[in-house]
1. Using θ = phi - 60° and the Karplus relation 6.51 cos²θ - 1.76 cosθ + 1.60, list the HN-Hα couplings for segment 82-93 in order, rounded to whole Hz, with x at every Gly or Pro.
2. Apply the Karplus parameterisation 6.51 cos²θ - 1.76 cosθ + 1.60, with θ equal to phi minus 60°, to every residue of segment 164-181 and state each ³J(HN,Hα) to the nearest whole Hz, in sequence, with x for glycine and proline.
3. Probe 1.4 Å, all protein chains in place: accessible area of Leu385 in Å², nearest 10?
4. Which lysines have a Cα lying under 26 Å from the Cα of Lys218, excluding residues fewer than 8 positions away in the same chain?
5. Share of antiparallel DSSP beta bridges in the chain, in percent to the nearest 5?
6. Would you mind working out the magnitude of the charge dipole of the chain relative to its Cα centre, with +1 at each Lys and Arg C-beta and -1 at each Asp and Glu C-beta, to the nearest 20 Debye?
7. If amide H atoms are built 1.01 Å from N in the plane of the peptide, which residues on other chains or at least 5 residues away come under 5 Å of the amide H of Val312?
8. Considering amide H positions built from the backbone, and no H for Pro or chain starts, which residues 5 or more places from His228, or on another chain, come under 5 Å of its amide H?
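The values are calculated or read from the model by the stated rules, or taken from the named source; none is laboratory data. Every value quoted in this text rests on a predicted model; they were computed, and no experiment measured them. When we count neighbours, we look across all protein chains shown, and the Cβ atoms used for this are built from the backbone with ideal geometry, even at glycine. Please note that ligands, DNA and RNA were not included when accessible areas were found on the heavy atoms of the full protein model with its side chains. Shrake-Rupley method; radii C 1.70, N 1.55, O 1.52, S 1.80 Å.
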Amino acid sequence: MPLWKIHGDGRTVAPDAVVRPEERLNWPATIAIGVQHVIAMFGATFLVPILTHFPVPTTLLFSGVGTILFLLVTRNRLPSYLGSSFAFIAPVTAATAANATGASDGIGSALAGIVAVGILLAIIGVVVHTAGVKWVDRFLPPVLAGTIVALIGFNLAGAAHGNFAQAPITATFTLAVTILFAVVFRGFLGRISIFLGVIAGYIFAGIRGELDFSKVDKAAWVGLPTFHLPDFVSPGTWAVMAMFLPVVLVLIAENVGHVRGVATMVEDPKINENTGKALIADGISTTLAGFFGGSGTTTYGENIGVMASTRVYSTAAYWVAGITAILLSMSPKFGEVINSVPAGVLGGITTALYGLIGVIGIKIWVDNKVDFSRPVNQYTAAVALIMAVGGFQITGDNGFVLGGIVIATVTAIIIYHGGNAIARLRRTGADDPKPLAAVGALGGDPES
């Protein structure tokens, strides 16, 4: 695994140059950029455990550990931060909510689902590393990738409304200032508008007397994160497991898009050779997080933005970021401050956030010029989105439930591939005739 050579004078980057993954600036500059990566990922990463009721310090710990594992598996050749994936919010929320009705074992079942996703992603990574990525492009064309990403976001509309209704004034303020920050600020500040919106909403909620610091006062300044173990034994676990499997498709798309994005910006096609390793690394990271109580991980678009603005793609900065996240996770008091974000603030943020996840799916259609004059494409998107938004369910014996995301994802896959096969056999012209190109870069969350 190569270490880093100094780029130029170690202090500056020429206008026509980039600091490549195997290079670095001097350590003060590298540390500063690494901390900036932590700030960039933080707004999105801490929202996931808040929304899913996972321990924030544990999630931060495994995002840092996962980032370091990613660098080790890719042998320092691919810069990336692994933060919390929004794709897990819907199945984790469903799994933990089922605990109230006795249908599952809550967080243990959710963690089992995360572990299953991680293992499957790592296995797919091995296949991609061995056989190449073209089969992924064929299985997950733009119309299908966009539909799956969109339906995961739109399926959460009810959850956003539930939080919004608890404190509509605070939620409206939070939503308004988040949008305002996004359109007023340029560059980095604009990219962290959700993070800034949470801060503004938090202050507003404090003015209105909606904050509860009782747990913050009791928490220690320094201590280990709280760990939880997955539950593979309870019958309820297997009832919710299927809800997690569509997340694998999203993680594949995000990782493939991330690798291609970095290869394009660095102008080095050889970086694409690390696609399989990236999937393996994210799979291992997600599995490890699931085994001990952290959120599933993915490559982060916010950090691509930092690299694009600084033109520094050094993996050394990500070692700094990973270590910094691990250190932050060692403060229980810090975690309780994050957990004190009230429902009104979450309602405002998630109204935008979940909608933006859906919009990312639509953006995939637009960027890849999906032809919606073709019936197969029309029905792939239309039927799946209605199933997700409507919350379709299939309930079986012993509390077994297939939720809207699972049903919609499977339906989209069947309609697209089955419909194309029949239309081409019959030569009706209803199929998707364009080349099944790779999906574009998706990033880590809706801010990308």
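1. 9, x, 5, 8, 5, 5, 7, 4, 4, x, 5, 4
2. For segment 164-181, the Karplus-derived couplings read 4, 5, 6, 8, x, 5, 4, 5, 5, 4, 4, 4, 5, 6, 4, 5, 4, 4 Hz, x marking Gly and Pro.
3. 40 Å²
4. Those lysines meeting the cut-off are Lys333.
5. On the way: 5 of 8 bridges.
Here the share of antiparallel DSSP bridges comes out near 60 percent.
6. Working: 25 positive and 24 negative charges, 150 e Å.
That gives a dipole near 720 debye.
7. Val19
8. Result for His228 returns Gly293.
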